[in-house]
1. What FRET efficiency would be calculated for the residue pair A:Gln188, B:Glu192, taking the C-beta separation as r and a Förster radius of 60 Å, to the nearest 0.05?
2. When you count, for each residue, the other Cβ atoms within 10 Å and take the mean per peptide, how do A:105-112, A:369-376 rank with the highest first?
3. Report the extension gain between A:Glu145 and A:Tyr177 in nm, rounded to one decimal, defined as 0.36 nm multiplied by the number of residues separating them, less their alpha carbon distance.
4. Computed over the Cα atoms, what is the radius of gyration of chain B divided by 2.2 N^0.38 Å, N being its residue count?
5. What lysines does B:Lys73 reach when the alpha-carbon gap must be under 22 Å and sequence neighbours fewer than 8 apart in one chain are set aside?
6. Straight-line reach from B:Lys140: which lysines have a Cα under 20 Å away, not including same-chain ones fewer than 8 places off?
7. For the protein assembly as shown, what does the helix formula give at 222 nm: sum of -39500 (n - 2.57) over DSSP H segments with n ≥ 4, over the residue count, nearest 500 deg cm²/dmol?
8. So what's the angle, to the nearest 10 degrees on a 0 to 90 scale, between helix B:194-208 and the longest Cα principal axis of chain B?
Amino acid sequence: MKSATNYSGFRQKHNYGHWLWGIAIPLTLTAIDWPFREILTASNILMFYLLGVFFVAIRLGFWPSVLASLTSAGAFAFFFAPPIFSFAIADQENLVGLAVMLVVGVVTSKLAENVRSQARVAEQREQRVSALYRLSKELAEARLETEIIAIGIRHIHAEFGCRNTLLFPDGNGKLCYPVNPSPGISLQEVDLSMARRVFDLGKTPEDPGALASEDKLFIALNGSTETIGVLVLEPVDFQQMFLPEQQQLIDTFINQIVHALVRARLAEQAKDATLKIQAEALRNSLLSSISHDLRTPLATIVGAASTLEADGERLNEHRRRKLVVAINEEAQRMSDLMTKILEMARLESGQVVLNRQWYAPEEIVGSALRRLDKKLKKRQVNLHIADGLGLVLLDAALLQQVLVNLLDNADKYSPAGQPVDVSIATTARGLSIAIADNGPGIPEGMQQKIFDKFFRIQAESAQSGVGLGLAICRAIVEAHGGEIQASNRSEGGAVFQLYLPLLECPPTIAPEEKELTP
Amino acid sequence: MKATGPLLLLIEDDPQFRLLLTTTLENQDYSVFAVATGREGLIAARNRQPGLLILDLGLPDMDGQEVILRLRKSSELPIIVLSARNQEGDITKALDNGADDYLTKPFNTAELMSRIKALLRRVAKLPGGAQECFQVGDLKVELTRRRVFVNDREVHLTPIEFRLLCVLVRNGGFVVTHRQLLEKVWGASYVEHSHYLRIYMGQLRHKIETDPARPRYLLTEAGVGYRLNEEED
């Protein structure tokens, strides 16, 4: 507190105005009192002077008020205490009064000065507290390390009026220049070797509290367990920087910044850990799903093939044929699964570049139906194609995959003999393709989940599949900027509907009128 | 096992798969010369005068596409491409480079046999010059007289529609890529204008197919091209 007083006194030394007021106020009082010198007693006049001294003491400080006291004493002796117009004082009583006024003046000046300096300290404290509050408020809102660093640099600049920068170690633990310094207020040229010494030391030498190099201060940023970086300051006024209040304040600033940084880093680590756990869970579900779904057909293949190898001759023709058919079917099933898994991996890897071309949507539906010709032989598929469908820009092979998966599902999950309806139309949401079956529908609340990877309504159902078909559909449709959704029909059965946005108008071609003449 | 059919050249690097194909093909009375690398394959194609090449696209020493390109410089040898990658891009590229047909691994050997037979049949037909008449199911195309009949009723096509149908007929049963169709029907400057192909294919289907949305003859190979179905279902 003392140093704060000294500091402010130092600042006021050069304020000549205060000294002038110290003389002017007693002289003004003299002029006011002069006409009433016959009415007022000497003690009354002294009281007036004392009032002036108080005023100077409260408003202008100790030394101006001492000057005011002396001026008042001189003016009283010269103008009011007989003999008038002489500094001599004849009356004993006036002499005592004057002495008391001087003492009271100086003492009250001292008291007033204390009150003033306390008020000033309180004000400075309040400023510091609000600066800290502003800093911590902004830091609390910051999530990223770079944000926190920028906020730190900005606030230190605003509060201490000096350019500064925060240095942190790179991946190798070596302190390095900040990658993206905030321009203007951030220090650009820093003696890195000095900063590294402070960083490696883990603390700044005890006295003077920070290691100074030429015109810069290096302060270690200490977390709870380790040094996380170094603050480099370029103070305008070194003396001011070393004042205990400033030291405390900068320490508090640093603490706030360090805590915010540590918090951000921990949050980042926690996020990484969560992601890792999720990835791990996904990998596990992938592995268990794949290993189950691939091992089952593989078991049949290996078993049947080894039986044929060992006992082929002893089996009758009929049994041998059964085994061969089993091998073929199971291998086909494995192949389908592999294709789906690889397709999903390909779509997820982000390597898929859509080969968009103008296609007639009914053409893709037709080729998907053709692909499933054998499977759908016994099923009635009703096609509802709206009139006037234009060409649509799409990746034919991928969209065909979507339709094959959806049609395959419709076939798998609806009882034999029930028809499947396929409708194509242009809607406000774009091209709509809907595939509706007459099966049991989708259990309530599962309409979204069935598009998740490896999700199956019944985990170990008789239906073969890894739970990737719909996930692939969604990935492909979304890659086209469209959406796919599942719902239940009011009359029973599930309907899968996909929308593809129609962003561009299809190109037109010159008409060809002429008919072929033989 | 007495091999009487034409010599088939097989370029396949996987020994097990090579063994399987060789056995299967020899069992069908073809003589087979199997090699593991593109280099050996190119030499064999020159020296042994095979009747057909079965080429795996993924080879250890050179890209299968490279093999096709080099062969096509001097030879019309029919090529069936085997691709382990189910990627239309590779297949389309191989066809554009001059391959005649493709199969994606894994495939049914019966399917391979029928493709080989069809391809050999087409080659056998070629020396006789332009084919006069083509017929499958209800569809009849008289190539020189430029007339098309469905169910014995004449269908009137525009010149472009007819040219499109002709290209598919001449490649009977085999897929023709978008690029090849655009080039042959409209000309080289149209190879990027796939919408022409879609619109005319739509028109052609409406004139020829009973149910244009579920075509019997003009089949779409999604992402690759079109082919005319030669088999009656």
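1. On the way: r = 53 Å, r/R0 = 0.88.
Computed FRET efficiency for A:Gln188 and B:Glu192: 0.70.
2. Values: A:105-112: 17.9, A:369-376: 15.1.
The packing order, highest mean first, is A:105-112, A:369-376.
3. On the way: separation 32, 0.36 × 32 = 11.52 nm, distance 1.51 nm.
The A:Glu145-A:Tyr177 span can extend by a further 10.0 nm.
4. Numbers: Rg = 18.5 Å, N = 233, 2.2 N^0.38 = 17.5 Å.
Computed over Cα atoms of chain B, the ratio equals 1.06.
5. Within the straight-line limit of under 22 Å, B:Lys73 reaches these lysines: B:Lys93, B:Lys184.
6. Straight-line reach from B:Lys140, under 20 Å: B:Lys125, B:Lys207.
7. Working: 21 runs with 377 residues, N = 751.
The helix-only estimate for the protein assembly as shown comes to -17000 deg cm²/dmol at 222 nm.
8. Orientation of helix B:194-208: about 70 degrees from the principal axis.
Values quoted throughout were computed directly from the atomic coordinates according to the rules given, and no laboratory measurement underlies them. Quick caveat, the model's predicted, so the values are computed rather than measured. Neighbour counts are summed over all protein chains in view; Cβ atoms, including those assigned to glycine, are modelled from backbone coordinates with ideal geometry.
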